[in-house]
Every structure is written in C-alpha cells, then in structure tokens.
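Novice: Here it is, the structure in full.
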Amino acid sequence: MRRVWNKITEFYRRGDLLLLFLCVAATVFGIVIIASATSYSGSSHYLVVQAAALLLGIILYVAVSLLDVEILAERRELLLAFNALFISTLLIWGVEVNGNRAWLDLPILPVNIQPAEICKITFVIALAKTMSIHRSKISSVKSVASIVFQTLVMMGLIVVISRDAGSALVFLFIFLVVAYVGGVRSWWFVAALVVAVAVFPILWERFIQPHQKERIMMFFDPSIDPDGTGIRWDTNRSIAMLSGGGISGQGLFHGTMLQNHAIAAQHTDFIFSAIGEELGILGCLFTLLLLIAIVVRCIYVGLKTPNYMNRLICIGIAAMLIFQILSNVGMCIGVTPVIGLTLPFISYGGSSIVTLYLAMGIISSIHMRPDPESRSPYIQPRY
C-alpha cells in the first residue's frame, strides 16, 4: 500500500497535471453535450459508458505516466507485430458499422472496441523509435524505406480489412508530420507527391468504396444528390444545426433539430453541430479553444525535451489530434468529406476516450522524465 501511495505522490509532484485537467474538462464537457444529444432515447447507456471510460482513462493516465516510454519503444518489433495482429482480429470478430468493418465485438467485453484507435499510439512510438535509430542518416534510402514500409503496412491492413479510409488517413498524416519534423529532407516529400499522383487512379478504382467516392465527388459535381436526400443529407442537416444556433445557441436540451434526432450520429461524428445549435458560436469557440490547448500542451512538452525520440512521440500524438479535429469540424461545416472521425475527448466512444487518455499519459510520462543529457541535439534540421 505504501508503494502505491508513493507512486501516486510521485505522479502528483512530477506528472502533467495541467494536461490531465484540460483532458478531463474536455471529456466532462463532452458528456454534457452527449447527454443532450441522446436525451431523445430516454436511456442513460451513453452517459454510463462515457463516464466509465473517463474514470478508466484517468487511472490509465496516471499508470502510464509512471511508466518510462523507452521501455515500450525498445520493443518496437513487438509493437509492430501487435498492430498487425490486432487489426487482423477484425477478420474474425469484426462487425460492420456504416460500411466499415472497424469494430471488434468480443463476448468478454460489454462494449465494442476499435483496434485502429489503440494502434495509433503504438504506431507513433514504433515510428519515433525507428527514426531515432536511423537519426544520423534519417534521409537515407534505407531509413526512409523503413518508416514508409511501417506506415504502408498499417494503412494497407486498415483499408483492406476494415475499409476504414478515415483511420488510414490519420496514420498517413501522423507519418508525414513526424517525418517532416524529424528531419527527412524535402525532396523525399516531393518524390512522394509525384508517386501519389501516379498511383491515385489505381487506388481510386480498387480501394475506394462507391459511397466514399460520392462523399468526395459531391464537392465537385452538383449532379450528385441535387435534392439533398441522399449522400448530402447529413452534411446539410449538420450545417442547418450550426446555423440555427446563432451566437449563443438555443440552450442545452432545447436544440430544435437536436432534440428531434435530426442526425443519426449527432452524439459522435456530428457532435460539433450539436454544440453549435445549443451553445452557438460561443460554444463552438470554447470547444475549439479547449482542444487547441490540449494540442499546444502536447507540442510544448515535446519542444521542452531534448530527447529526439520523445519529441517525435509528442509531435506524432499532437498530429493525431490535429487531423481528427480538422476532419471532424470540417465535415460538420461542410468543407471536408464525411469520413467518420470523431471529435477528440468530446464525441461519444468508450474506446476512443480510453485511447486518448493512454496517449496523454505518454505525454505526461515524457514530461516527468526530462532527458538530462545536455549534449543531446535538437531535431535534425531539414537542410
């Protein structure tokens, strides 16, 4: 018992309490919005799951903070194998939701879990560790091939097995940001762009589902669902909800469209629209400021550590949050396709909340262990 108390005391003295406060504040705010967005059902199921995920997340945040991330990073081969095997379990226990086989329905668990959410964290750690090993020649063919291979394997497994293009894009964005910040030379990105343009027609025809193509092409082709009763339905309803909120909103539990269940995913994918209708522009700004504060804190912790690998881990986790925030808000206001990415800490989702707190616990762990090596240089410049 004394040992546990000592560990808790150590976390209190050295852990990132500010980051934990910001995360809890965002999650509690999200629970309030979820309560309003699901009040039509008369069930407390969503609130119970989200509250339980919050409590478990806090426990994991503290536990992971006390764990040196280097211990995980040293086993990067196991992390990569875990990612491949975990995604592959969808072939056996995966259930299809909205056209994607991205969820595991295990009899031993009361809720479904999304393997890609957890794999984002282990992917970031393995990627950062690989880059730290090749740091002296980070732009060599061998080094770039190694990190590109890791990324393509993860994206390929997700697209082929789960058909979840949204999650695959998160991995791609993480890779691009970490590689750029980690010092990979710019001409590699130019070469990658050329290759991407060349293979895009093949990917479009073979791997993009028909409904995904429509979600993208509707921005360019007005003949696709001109009446707004098909593929444009959710986007149009989302924009209407945001417009109806005005400056200060219609009030919690009083949103005209929200309380009439205007969108099926109003507590998950379109929760930002729910905030806009009931709390208005001010509520949306508060949400964005809270999430930006979390992202900035992750980047700040990364910039403060002189350890190359730890810095890339912080940047990778921040990139994950940035992409999901931009994608979710973008699809709610109708400027990006609907790809099924939730708003971090705000949207309903037990596995998402637990995973986010695991990721934030890693940030806290890095915050607790500033590298004492004064000779450790900063991230290798790109030139």
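The values are calculated or read from the model by the stated rules, or taken from the named source; none is laboratory data. Everything numeric in this text was worked out from a predicted model, so none of it was measured. Cβ coordinates were reconstructed from backbone atoms using ideal geometry, including for glycine residues, and neighbour counts include every protein chain displayed.
Novice: Here are Leu72, Leu79: which of them is at pLDDT 90 or above and surrounded by 15 or more Cβ atoms within 10 Å (Cβ to Cβ)?
Specialist: Leu79
Novice: Still on this model: Please count how many residues of the stretch 315-343 are in contact with a Ser or Thr (Cβ under 8 Å, 6 or more places away or on another chain), of a type in the set (A, V, I, L, M), surrounded by 23 or more Cβ atoms within 10 Å (Cβ to Cβ) and in a helix (DSSP H, G or I).
Specialist: Number of matching residues: 1.
Novice: Using the structure shown, decide if Phe82 is over 26 Å from Ile325 (Cα atoms) and of a type in the set (Phe, Trp, Tyr).
Specialist: Judged against the criteria, Phe82 is a match.
Novice: Would you please list the contacts, defined by Cβ atoms under 8 Å and residues six or more apart or on different chains, that run from a residue in the stretch 28-39 that is touching a residue at least 60 places away in the same chain (Cβ under 8 Å) to a residue that is among the small types (Gly, Ala, Ser) and in a helix (DSSP H, G or I)?
Specialist: Ile33/Ala274; Ser36/Ala274; Ala37/Ala274
Novice: Moving to a separate point now. Does Ala262 count as touching a residue at least 12 places away in the same chain (Cβ under 8 Å) and within 26 Å of Ser36 (Cα to Cα)?
Specialist: Taking the combined requirement at face value, the residue satisfies it.
Novice: Please go through the stretch 295-314 and pick out each residue that is crowded, with 23+ Cβ neighbours inside 10 Å and β-branched (Val, Ile, Thr).
Specialist: Once the filter is applied, which keeps residues that are crowded, with 23+ Cβ neighbours inside 10 Å and β-branched (Val, Ile, Thr), the stretch 295-314 yields Val301, Ile313.
Novice: Could you please find all residues in the stretch 347-383 being of a type in the set (Val, Ile, Thr) and either at pLDDT 65 or above or in contact with a Ser or Thr (Cβ under 6 Å, 6 or more places away or on another chain) (or both)?
Specialist: Ile353, Val354, Thr355, Ile362, Ile363, Ile366
Novice: For the stretch 19-31, does any single residue satisfy the condition of being out of contact with any Cys (no Cβ under 8 Å at 6 or more places or on another chain), crowded, with 20+ Cβ neighbours inside 10 Å, within 25 Å of Ile339 (Cβ to Cβ) and aromatic (Phe, Trp, Tyr)?
Specialist: Within the stretch 19-31, none of the residues are out of contact with any Cys (no Cβ under 8 Å at 6 or more places or on another chain), crowded, with 20+ Cβ neighbours inside 10 Å, within 25 Å of Ile339 (Cβ to Cβ) and aromatic (Phe, Trp, Tyr).
Conditions (1) touching a helix residue (DSSP H, G or I) at 6+ places or on another chain (Cβ under 9 Å); (2) on the phi > 0 side of the Ramachandran plot; (3) free of Cβ contacts under 8 Å to residues at least 60 places away in the same chain; (4) hydroxyl-bearing (Ser, Thr, Tyr), marked per residue:
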position: Leu312; (1), (2), (3), (4): yes, no, no, no
position: Gly316; (1), (2), (3), (4): yes, no, no, no
position: Leu321; (1), (2), (3), (4): yes, no, yes, no
position: Ile325; (1), (2), (3), (4): yes, no, yes, no
position: Met331; (1), (2), (3), (4): yes, no, no, no
position: Gly334; (1), (2), (3), (4): yes, yes, no, no
position: Pro337; (1), (2), (3), (4): yes, no, no, no
position: Ile346; (1), (2), (3), (4): yes, no, no, no
position: Gly349; (1), (2), (3), (4): yes, yes, no, no
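Rundown of residues vs (1) within 23 Å of Glu74 (Cβ to Cβ); (2) surrounded by fewer than 18 Cβ atoms within 10 Å (Cβ to Cβ); (3) among the small types (Gly, Ala, Ser), yes/no style:
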{"site": "Lys129", "(1), (2), (3)": "yes, no, no"}
{"site": "Ser146", "(1), (2), (3)": "yes, yes, yes"}
{"site": "Leu176", "(1), (2), (3)": "no, yes, no"}
{"site": "Tyr180", "(1), (2), (3)": "no, yes, no"}
{"site": "Val190", "(1), (2), (3)": "no, yes, no"}
{"site": "Pro201", "(1), (2), (3)": "no, yes, no"}
{"site": "Phe207", "(1), (2), (3)": "no, yes, no"}
{"site": "His211", "(1), (2), (3)": "no, yes, no"}
{"site": "Met217", "(1), (2), (3)": "no, yes, no"}
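Novice: Here's a follow-up. I need the full set of residues from the stretch 265-294 which are in contact with a helix residue (DSSP H, G or I) (Cβ under 8 Å, 6 or more places away or on another chain), farther than 20 Å from Ile353 by Cα and either among the aliphatic types (A, V, I, L, M) or without any contact (Cβ under 8 Å) to a residue 12 or more places away in the chain (or both), in order please.
Specialist: If the condition is that a residue be in contact with a helix residue (DSSP H, G or I) (Cβ under 8 Å, 6 or more places away or on another chain), farther than 20 Å from Ile353 by Cα and either among the aliphatic types (A, V, I, L, M) or without any contact (Cβ under 8 Å) to a residue 12 or more places away in the chain (or both), then Leu279, Ile281 are the ones that fit.
Novice: OK, next. Taking Asn260 as the residue in question, decide whether it is in contact with a Ser or Thr (Cβ under 7 Å, 6 or more places away or on another chain) and either surrounded by fewer than 23 Cβ atoms within 10 Å (Cβ to Cβ) or under 26 Å from Val178 (Cβ atoms) (or both).
Specialist: For Asn260, the condition - in contact with a Ser or Thr (Cβ under 7 Å, 6 or more places away or on another chain) and either surrounded by fewer than 23 Cβ atoms within 10 Å (Cβ to Cβ) or under 26 Å from Val178 (Cβ atoms) (or both) - is not met.
Novice: In the stretch 40-73, how many are free of Cβ contacts under 8 Å to residues at least 12 places away in the same chain, small (Gly, Ala, Ser) and either closer than 24 Å to Thr122 by Cβ or touching a helix residue (DSSP H, G or I) at 6+ places or on another chain (Cβ under 7 Å) (or both)?
Specialist: 0
Novice: Then there's this: Considering only the stretch 9-27, I want to know if a residue exists there that is outside any helix (DSSP H, G or I) and of a type outside the set (Val, Ile, Thr).
Specialist: So far as the stretch 9-27 goes, yes, one or more of its residues are outside any helix (DSSP H, G or I) and of a type outside the set (Val, Ile, Thr).
Novice: Would you please name the residue that is farthest from Val170 (Cα to Cα), looking only at residues in the stretch 281-321 that are touching a Cys at 6+ places or on another chain (Cβ under 7 Å) and of a type in the set (Val, Ile, Thr)?
Specialist: Restricting to residues being touching a Cys at 6+ places or on another chain (Cβ under 7 Å) and of a type in the set (Val, Ile, Thr), the top hit is Val301.
Novice: Within the stretch 139-160, is even one residue closer than 23 Å to Leu303 by Cα, touching a Gly at 6+ places or on another chain (Cβ under 9 Å) and free of Cβ contacts under 8 Å to residues at least 40 places away in the same chain?
Specialist: yes
Novice: Next question, about the same structure. Identify, from the list Ser243, Ser238, Ser248, Ser223, the residue that is among the hydroxyl-bearing types (Ser, Thr, Tyr) and surrounded by 14 or more Cβ atoms within 10 Å (Cβ to Cβ).
Specialist: Within the list Ser243, Ser238, Ser248, Ser223, the selection yields Ser238.
Novice: Also: Read through the list (1) touching a Pro at 6+ places or on another chain (Cβ under 9 Å); (2) modelled with pLDDT of 90 or more, then give the number of the only condition that Phe173 fails.
Specialist: Evaluating Phe173 over (1) touching a Pro at 6+ places or on another chain (Cβ under 9 Å); (2) modelled with pLDDT of 90 or more leaves (1) as the failure.
Novice: Can you tell me which residues in the stretch 286-303 are farther than 19 Å from Ala179 by Cα and modelled with pLDDT under 95?
Specialist: Within the stretch 286-303, none qualify.
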